[in-house]
Every structure is written in C-alpha cells, then in structure tokens.
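Some notes on the structure that comes next.
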Amino acid sequence: MRSVKYPTLWLGGFGLVLLLFLFLFGPHLPNVDKEVSETSYYFNGKTTDLDIHLPPYPPSDKFILGSDSEGHDMYSAMIMGTRETLLTVFIISIVTFAFAIPFGLGASHIPFLRIILEGWNILFSRVPALFLILIVCTIPVFLLSPHRPIYMIVLIIILEIGKMAELVFQSIKEIQKTAYYEAAKTMGTKVFGMWKWYYWPSCSPLWLSSFITHIGSILFLIGQLGLFNIFLSQQLFQRAGGPGQTVYGIENISNVWPVYLNNIFNNMISAPWVPITAASFIAFSMLTFILLGDGLLKYFRKLE
C-alpha cells in the first residue's frame with residue numbers, strides 16, 4: 001500500500017539502486033571493456049571471403065549496443081562512463097548547496113547579503129545557464145587551458161548558487177513569518193539556535209529534495225552542452241593537414257555520457273544507436289533523481 005501512496009519515491013529509489021549497481025559493479029559486468037578501446041575493424045569469420053566490418057558497428061552479438069564512428073563499444077562506454085558522469089554532477093550539486101545554504105541563511109538575516117543575492121540572480125538568472133556557458137567556455141583562455149575541467153565546474157556552480165540560495169532564503173522567510181519564530185526572537189534566541197531548532201528541522205526536507213532534483217537538472221544541463229560539442233574536459237590536438245599547413249582541432253578527453261551526443265545530426269543518419277543510447281542513459285538518470293526528489297518531499301510532508 002505504501003508503494004501506491006508514494007509511486008515517485010519507489011520509482012526513483014529503484015532507479016537509484018540500478019545506477020548505484022552500475023556505479024559500483026559496472027566495470028565487473030560481463031563483456032565490459034574497461035579501457036573502452038577502439039576497434040578499427042573486425043572480420044565476420046562466417047564466409048570464406050574477406051568480410052571486413054568498419055565502424056560504426058550496429059548492435060550485434062559482438063557489440064550489444066553498437067559502436068560509435070571510432071569503434072568504441074557503446075555498452076562498455078555507457079557502463080564505464082556511469083561513475084565519471086555521476087561523480088561530476090554530484091560534486092557540482094554538493095558544492096553548490098554547500099555555498100547556497102549559508103548564502104541564503106545569511107541573506108535572510110543580513111540586508112547587505114540580500115542585496116548581493118538579488119544582484120547575483122539578476123546577473124546570472126536572466127539568461128539561461130546554457131547560453132552563458134557557451135559564451136564563456138569559447139573564450140580562448142578557457143578553451144585552451146589545462147585547468148578547463150575546474151573552470152567549467154566552477155562556472156556551472158557560480159550560475160547555480162544564486163537559484164539555490166534563493167530557494168534557501170525563501171524557505172527560511174516562511175519560517176520567519178510564524179508565531180513561534182517571533183516568540184523565539186523575543187526570547188533572544190541567536191541565529192545558531194534558530195538554525196538548530198527551527199530552520200533545519202523545518203527546511204531540511206525541502207533542501208534534501210531540491211538537492212536530489214538539482215542533480216537531475218545538472219545532468220540535463222551537461223547533456224545540452226554535449227549537443228553543442230561543449231565538454232568539461234577537452235584538449236587541443238593537431239590534425240593531419242597539407243604541406244606547410246598546421247590544422248588543430250579540439251577533442252574530448254573524458255568518458256561522460258554527453259560525449260556521445262556530439263555530432264548528433266549526422267549520427268542520427270549513420271549511427272542512430274549512438275545518440276539514442278547516450279540520451280537514454282541521461283534521461284533515465286535525470287528522471288530517477290527528479291522522481292526521487294519529488295517522492296522524498298511528498299513523503300516528508302506526509303510525516304508532518
């Protein structure tokens with residue numbers, strides 16, 4: 001009966017169990033290539049003639065989910081990319097909330113911090129985070145920096161802190177409208193006491209739910225960046241050019257899922273299984289965290 005009451009909680013919990021299984025035990029599953037190495041070609045072996053297969057390989061017994069144009073096994077790539085992808089979005093969300101909670105708390109008590117929070121949101125929330133990241137990350141100093149992954153993560157955190165701090169601020173303001181808060185304030189209760197006895201017990205369910213949902217939104221954001229060939233980790237490499245020419249390109253050096261969303265328009269014609277597989281993993285994970293966050297919030301509110 002409880003599963004009927006909280007379907008989103010159970011669905012999200014089930015999805016989280018699957019993701020944790022892949023996170024912990026994925027590299028040890030059968031037929032997983034831990035190196036996600038390239039297979040430039042392979043022989044069919046079923047005919048007397050030379051039957052050579054070149055990438056991208058469609059789904060088959062040899063490649064369960066097919067391969068990309070470079071011969072990377074999509075099954076292995078998705079399994080091995082689970083850990084890096086989830087760690088990336090978790091780090092972004094945990095750092096965002098680590099700054100957003102004290103920022104929002106301070107803004108609810110210090111007018112100057114409230115002004116800063118308002119300015120922060122005006123500056124960074126009027127334009128979608130996707131476009132701001134696209135603009136900033138194409139600046140050469142960021143594009144070619146060896147510290148690009150750190151810069152990209154910090155940029156996303158900066159863009160997200162204001163929204164999450166506003167959520168914390170508004171939830172605390174709701175507490176400050178109550179009679180028991182006014183009574184505690186009249187009795188001289190300090191900010192730490194307010195936090196311990198009123199803010200944290202009342203707001204933590206919303207904050208926990210928002211944190212989990214935020215992980216899903218960050219997955220969606222880096223998935224969008226993948227469509228524009230913008231990745232957290234990139235490096236410059238030299239392409240083969242004509243005599244006297246030096247041609248450079250930019251390649252991804254990580255194994256997160258959005259990597260396989262690049263060149264999506266060509267892949268949907270030549271190798272549709274590549275973007276479909278990557279998008280499916282991203283969508284499943286994103287929905288898992290959104291459902292889990294929504295289910296936890298409903299569960300905690302039912303307990304009140």
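All of the numbers you see were taken from the coordinates with simple rules; none came from a lab. Keep in mind the model is a prediction, meaning the values are calculated, not measured. Using ideal geometry, Cβ is built from the backbone for each residue, glycine included, and neighbour counts are taken over all protein chains shown.
Highest average first, the peptides 222-231, 9-18 ordered by how many other beta carbon atoms sit within 10 Å of their residues are 222-231, 9-18.
Using a simple spin-label model with pseudo-atoms 7 Å out from Cα toward Cβ, S204 and A98 lie 1.9 nm apart. Between I139 and L227, the modelled label-to-label distance comes to 2.6 nm, taking each label 7 Å out from Cα in the direction of the beta carbon. Once the Cβ-Cβ distance of S280 and K34 is raised to the sixth power relative to R0 = 25 Å, the FRET efficiency obtained is 0.70. Measuring how big the chain is from its alpha-carbon positions, Rg and Dmax come out at 23.8, 91 Å. Between V127 and K196, the contour length at 0.36 nm per residue exceeds the Cα-Cα span by 21.2 nm. Pairs exceeding a 27 Å alpha-carbon distance, out of K177/K302; K173/K302; K5/K173; K190/K298: K5/K173; K190/K298. Helix 148-176 and the long axis of the chain differ in direction by around 30°, with both axes built from C-alpha atoms. Computed as a quarter of the hull surface, the mean projected area of the alpha carbon convex hull for segment 25-121 stands at 9.4 nm².
Cα centroid separation, segment 1-40 to segment 156-213: 34 Å.
Once the Cα atoms of helix 7-25 and of the chain are each reduced to a long axis, what angle between those two axes, in degrees from 0 to 90 to the nearest 10, is obtained? In the chain, helix 7-25 runs at an angle near 50 degrees to the longest axis.
Taking the helices alone, the chain has a mean residue ellipticity at 222 nm of -21000 deg cm²/dmol, built from -39,500 (n - 2.57) per DSSP H run of at least 4 residues and averaged over all its residues.
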